[in-house]
1. Quick one: Trp29 ticks every box in (1) buried (at least 19 other Cβ atoms within 10 Å of the Cβ); (2) under 20 Å from the mean Cα position of the chain (by Cα) except a single one, so which number is it?
2. Going by what's in this entry, would Cys210 be described as in contact with an Asp or Glu (Cβ under 6 Å, 6 or more places away or on another chain) and surrounded by fewer than 17 Cβ atoms within 10 Å (Cβ to Cβ)?
3. Any idea which of Ala43, Ala106, Ala81 is free of Cβ contacts under 8 Å to residues at least 40 places away in the same chain, surrounded by 14 or more Cβ atoms within 10 Å (Cβ to Cβ) and on the phi > 0 side of the Ramachandran plot?
4. Kindly indicate whether Gly130 is over 17 Å from the mean Cα position of the chain (by Cα), within 16 Å of Leu92 (Cα to Cα) and either in contact (Cβ under 8 Å) with a residue 60 or more places away in the chain or surrounded by fewer than 22 Cβ atoms within 10 Å (Cβ to Cβ) (or both).
5. Please tell me if Ser143 is part of a loop (DSSP other than H, G, I, E, B), surrounded by fewer than 17 Cβ atoms within 10 Å (Cβ to Cβ), within 20 Å of the chain's Cα centre (by Cα) and hydroxyl-bearing (Ser, Thr, Tyr).
6. List the residue pairs whose Cβ atoms are under 7 Å apart, where the first residue sits in the stretch 151-169 and is more than 17 Å from Val135 (Cα to Cα), the second is aliphatic (A, V, I, L, M) and in a loop (DSSP other than H, G, I, E, B), and the two are 6 or more positions apart or on different chains.
7. How many residues does the stretch 149-174 contain that are farther than 21 Å from Met223 by Cα, part of a loop (DSSP other than H, G, I, E, B) and of a type in the set (A, V, I, L, M)?
8. For the subset of the stretch 175-185 comprising residues that are more than 10 Å from ligand 1 (Cβ to nearest atom) and either under 13 Å from the mean Cα position of the chain (by Cα) or assigned to a loop (DSSP other than H, G, I, E, B) (or both), which member is surrounded by the most Cβ atoms within 10 Å (Cβ to Cβ)?
Amino acid sequence: MPTVTIDGIAVTVEKEQTILYAAKKAGIWIPTLCYNPSVTALAECRLCMVELDRGKYTQLVTACNYPVRRDLTVSVSSERAVRARRGVMELLLARAPESLELKVLAARMGVFGTPYPTVTESQRNCILCGLCVSVCDEVMGCSAIGFAGRGTDRAVATPFRMASDGCIACGACAVVCPVGTIQIRIHEEEGEVEISPFKSRAKLLVCEECGKKMVTEPVAKQMMDRVNINWDEFRERARLCPECRRKKTAEAAGLIASKIGAE
Ligand code: SF4
Ligand code: SF4
Ligand code: FES
């Protein structure tokens, strides 16, 4: 197994593991934004840059997707690596100046503002890391969102920027968005979930007994399709939330037991 020496700490990792993995093993923190182990690393944000020693020269590489194939010497704390990551963070802060998540991470990196002009209102708060697009496609299998526009107009959007039938309002994109751009909004009166800014809405299954809101109908339907269970049959069973269903089952079991006892 190759050895990766990071800031003087040597760890061995399996071939094809990443520098980021090696750093974690060595107990060294590298900031990340677009990295998520459940999807292919696209290395879009560039925040995880480290300095790789190539013998005669050094090179900045992204730790989250750089594969370890032989012994490597890497510096996370060198002046060049720290300066590069801070520079990237300043650019990202200009893209998402209102993101609390980003400000917290920036502060941890010693960055407390940006010298760059902030972007226009319509692009604000998306760092274009692509994580939402990958999760929607690779994990949820929906491909409901993608990159649209070019240059300064580039943004994550649904096709034609309209509410998309492909979106099941699962909220996975909102959960992984590292800067909180995507929001899950609950519309109590309509019993619907909205995924903002994509304008997608879906009905929530509501427990007929206690009124508790459960999963969205399209999510439940997709799950049922995947495990090959008939949707109408499931819909009949999903009238109750798990808690009410348990209560009903317990009541029924009690009735049966008392009936048997009386006989
Ligand atoms: S909420 Fe819609 S856009 Fe987001 S991951 Fe789920 S299906 Fe994709
Ligand atoms: S919406 Fe969030 S996850 Fe998607 S590209 Fe923008 S910053 Fe990344
Ligand atoms: S976390 Fe590595 S490039 Fe974004």
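Just so you know, all these numbers are worked out from the coordinates, no wet-lab data involved. Quick caveat: nothing in here was measured; it's all calculated off a predicted structure. Ideal geometry is used to build each Cβ from the backbone, glycine not excepted, and the neighbour counts take in all protein chains shown.
1. Result: Trp29 fails condition (1) only.
2. Values: in contact with an Asp or Glu (Cβ under 6 Å, 6 or more places away or on another chain): no; surrounded by fewer than 17 Cβ atoms within 10 Å (Cβ to Cβ): yes.
No; evaluated as a whole, the condition is false for this residue.
3. On the way: Ala106 fails: on the phi > 0 side of the Ramachandran plot; Ala81 fails: on the phi > 0 side of the Ramachandran plot.
None of the others qualify; the one that does is Ala43.
4. Details: over 17 Å from the mean Cα position of the chain (by Cα): no; within 16 Å of Leu92 (Cα to Cα): yes; either in contact (Cβ under 8 Å) with a residue 60 or more places away in the chain or surrounded by fewer than 22 Cβ atoms within 10 Å (Cβ to Cβ) (or both): yes.
Here the answer is no, as Gly130 does not meet what is asked.
5. On the way: part of a loop (DSSP other than H, G, I, E, B): yes; surrounded by fewer than 17 Cβ atoms within 10 Å (Cβ to Cβ): yes; within 20 Å of the chain's Cα centre (by Cα): yes; hydroxyl-bearing (Ser, Thr, Tyr): yes.
So Ser143 passes the test.
6. Listed by first residue and then by second, the contacts come to Arg154/Leu128.
7. Applying the first criterion (farther than 21 Å from Met223 by Cα) to the stretch 149-174 yields 149-163.
Now narrow it down to the ones that are part of a loop (DSSP other than H, G, I, E, B): 149-150, 154, 158, 162-163.
When the remaining residues are screened for being of a type in the set (A, V, I, L, M), the result is 162-163.
Here the count works out to 2.
8. Let us first name the residues in the stretch 175-185 that are more than 10 Å from ligand 1 (Cβ to nearest atom), namely 178-181, 183, 185.
Imposing the further condition that a residue be either under 13 Å from the mean Cα position of the chain (by Cα) or assigned to a loop (DSSP other than H, G, I, E, B) (or both) reduces the set to 178-181, 183.
On the way: Pro178: 22, Val179: 22, Gly180: 14, Thr181: 24, Gln183: 13.
That would be Thr181.
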